[in-house]
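Asker: Have a look at this one before I ask anything.
The values are calculated or read from the model by the stated rules, or taken from the named source; none is laboratory data. Just so it is clear, the structure is predicted and the values come from calculations on it, not from any experiment. In this analysis, Cβ positions are derived from the backbone assuming ideal geometry, glycine residues included, and neighbour counts consider all displayed protein chains.
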Ligand SMILES: Cc1cc2nc3c(=O)[nH]c(=O)nc-3n(C[C@H](O)[C@H](O)[C@H](O)COP(=O)(O)OP(=O)(O)OC[C@H]3O[C@@H](n4cnc5c(N)ncnc54)[C@H](O)[C@@H]3O)c2cc1C
Ligand code: SF4
Ligand code: FES
Ligand code: FES
């Protein structure tokens, strides 16, 4: 690992100020993604600003929402009683990610900012537009088993690897960020972006901005939520396809529904068409299959990931069935 | 700087960073350059003398390891794993993948299990670390160590320190209530020899026997 300067910040202001002054600096939280990438030479910041002492670790609730600090640990959030009771979808998604050890280090902000696991992105000897703009994409025409089927571009077909973010997209969370120009709020679904012509950017966070917290508005999905994650082994693996399903039921009738998928796009992939279709309908296998079919419009595979065209709709049906109690 | 620049020096032979700063200030940069490897010269040529000094810098760190306070200096890039193994010679903690993918490097930080390979030592200022060497009470093995022996919870033994540290935490966290739960919450520890069934038996045994934390 190339050496760097290391400083600790104790307030949000200090962290932002230090980063603004450092020409080439990065925040470090749990380090589970950043240290890995630095060891592999994918990134080599000259300065690391340790933000673990910032007072952003709490999970707080008021009448209308739950707010989670950016430095809350993935393990703590997944075990938090309030989250388990009111937002079980988030707890399930977090528990399906990484390993207990990693979740004890990984933070909410770091999880949002984690980079893709595309093997060409990690291998500095290979072309990759995300790592080195203009160098080409190794995965298009290469080994692309883990890659996207929605929202791809001719520059990049990588997926965002997070489970947590899929749940937070379905739950319509809001992100609060602060930077040298003040703070702003971003709807979770707008935080990550599609690759387009600038795949080097994963999200819309501006240089120098710090994620402070994520808020989840109150909802009545707690009873009928399910996070389904399909992967190569039973645990400790990234999703091939995952589905976050949250329903609000009145008997067998779906009052409202939220659906998002992981492992299929450069950002958590919201299934808005399926949500609209299901609203007001009966929770039945037939309707779930129809919703899955609608969701697959525009899907495009790249060879090794052709199987996702079948796996994704089946996963949608399964997640909806589990969430509604049909199976 | 390339890793070769400083890493093969033994820690006690390092000039203290205050002395080094002084040295840099007093001597002309040129003298320093004549002693320095190529990459440092490049940094100096670019008039990056501030950076030059900081790249050599070791940061002071107070950290408690297995009950013993350590006052040391470390380079920022040294992982907790390398610090334990190479600077403190505590080689019980193993390096498997060095990328968070196997769990061989599992240690406890303030009682919580973490992968020491993806964590920087300097990030643990004031923390309490427990490694496999710190688990036994003198000559008396920890119940989990005894259970691994009793149930044959290993073959080659390479993953074992990580498995045991993880297993102790798994019970403390309350995640050992069934064999399925044990399997899920031990999934961060890979065993190439496939000793999994016996590892699960060992943990279930300790759990049912009531582990002393
Ligand atoms: C073997 C392995 C398996 C994994 N499996 C999964 C999985 O199945 N599912 C899953 O979802 N994840 C998985 N992960 C990824 C893991 O969840 C992320 O590495 C973790 O969430 C990153 O959080 P961190 O706090 O460690 O971030 P760091 O590594 O500290 O930081 C990552 C990035 O985020 C930036 N950052 C951190 N905090 C902030 C902030 N508050 N504001 C602005 N920028 C910030 C940093 O500058 C850095 O660029 C896995 C990781 C490993 C190593
Ligand atoms: S898919 Fe994206 S991340 Fe992967 S090689 Fe292509 S450009 Fe790089
Ligand atoms: S050596 Fe740390 S997880 Fe493999
Ligand atoms: S005993 Fe050999 S790797 Fe587990």
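Asker: State whether one or more residues within segment A:136-155 are within 30 Å of residue B:113 (Cα to Cα) and within 16 Å of ligand 3 (Cβ to nearest atom).
Answerer: Scanning segment A:136-155 turns up no residue that is within 30 Å of residue B:113 (Cα to Cα) and within 16 Å of ligand 3 (Cβ to nearest atom).
Asker: Does segment B:155-174 hold any residues that are under 13 Å from residue B:190 (Cβ atoms) and near ligand 4 (Cβ under 10 Å from one of its atoms), and which are they?
Answerer: Once the filter is applied, which keeps residues that are under 13 Å from residue B:190 (Cβ atoms) and near ligand 4 (Cβ under 10 Å from one of its atoms), segment B:155-174 yields B:156, B:158, B:159, B:160, B:162, B:163.
Asker: While we're here: Before we move on, is residue B:161 in contact with a strand residue (DSSP E or B) (Cβ under 8 Å, 6 or more places away or on another chain) and modelled with pLDDT of 95 or more?
Answerer: Working: in contact with a strand residue (DSSP E or B) (Cβ under 8 Å, 6 or more places away or on another chain): yes; modelled with pLDDT of 95 or more: yes.
For residue B:161, the condition - in contact with a strand residue (DSSP E or B) (Cβ under 8 Å, 6 or more places away or on another chain) and modelled with pLDDT of 95 or more - is met.
Asker: Kindly state which strands (runs of 3 or more DSSP E) lie completely within segment A:148-232 and contain at least 3 residues that are in contact (Cβ under 8 Å) with a residue 40 or more places away in the chain.
Answerer: Hits in segment A:148-232: A:174-179, A:210-217, A:224-230.
Asker: Please verify whether residue B:206 is assigned to a helix (DSSP H, G or I), away from chain A (no Cβ under 12 Å) and away from ligand 4 (no atom under 16 Å from the Cβ), treating the condition exactly as stated. Break it down stepwise before answering.
Answerer: On the way: assigned to a helix (DSSP H, G or I): yes; away from chain A (no Cβ under 12 Å): yes; away from ligand 4 (no atom under 16 Å from the Cβ): yes.
In short, yes.
Asker: Give segment B:66-92 a look and list any residue that's in contact with a strand residue (DSSP E or B) (Cβ under 9 Å, 6 or more places away or on another chain), more than 14 Å from every other protein chain (Cβ to nearest Cβ) and in a helix (DSSP H, G or I), or say none.
Answerer: Listed by number, the residues that qualify are B:84, B:87.
Asker: Could you identify the single residue in A:142, A:138, A:134 that is at positive phi, over 16 Å from the mean Cα position of the chain (by Cα) and free of Cβ contacts under 8 Å to residues at least 24 places away in the same chain?
Answerer: Just a single option satisfies the conditions, and that option is A:134.
Asker: Out of all the residues in segment B:123-182, which are within 13 Å of another protein chain (Cβ to nearest Cβ), free of Cβ contacts under 8 Å to residues at least 24 places away in the same chain, in a loop (DSSP other than H, G, I, E, B) and at negative phi?
Answerer: B:173, B:175
Asker: On to the next question. Filter segment B:106-122 down to the residues that are assigned to a loop (DSSP other than H, G, I, E, B) and more than 9 Å from chain A (Cβ to nearest Cβ) and list them by number.
Answerer: B:110, B:111 - these are the residues of segment B:106-122 that are assigned to a loop (DSSP other than H, G, I, E, B) and more than 9 Å from chain A (Cβ to nearest Cβ).
Asker: Turning to a different aspect of this structure: One residue is enough: does segment A:123-136 have a residue meeting the conditions farther than 30 Å from residue A:82 by Cα, within 14 Å of another protein chain (Cβ to nearest Cβ) and surrounded by fewer than 19 Cβ atoms within 10 Å (Cβ to Cβ)?
Answerer: yes
Asker: Here's a check for you: in segment A:209-218, which residue that is buried (at least 18 other Cβ atoms within 10 Å of the Cβ) and more than 11 Å from ligand 1 (Cβ to nearest atom) is nearest to residue A:315 (Cα to Cα)?
Answerer: In this case the residue turns out to be A:216.
Asker: Please state which one of B:194, B:209 is more than 16 Å from ligand 3 (Cβ to nearest atom) and in contact (Cβ under 8 Å) with a residue 60 or more places away in the chain.
Answerer: Numbers: B:194 fails: in contact (Cβ under 8 Å) with a residue 60 or more places away in the chain.
After applying the criteria, what remains is B:209.
Asker: From A:226, A:236, which residue is within 16 Å of ligand 4 (Cβ to nearest atom) and either within 14 Å of chain B (Cβ to nearest Cβ) or within 16 Å of residue A:163 (Cα to Cα) (or both)?
Answerer: Within the list A:226, A:236, the selection yields A:236.
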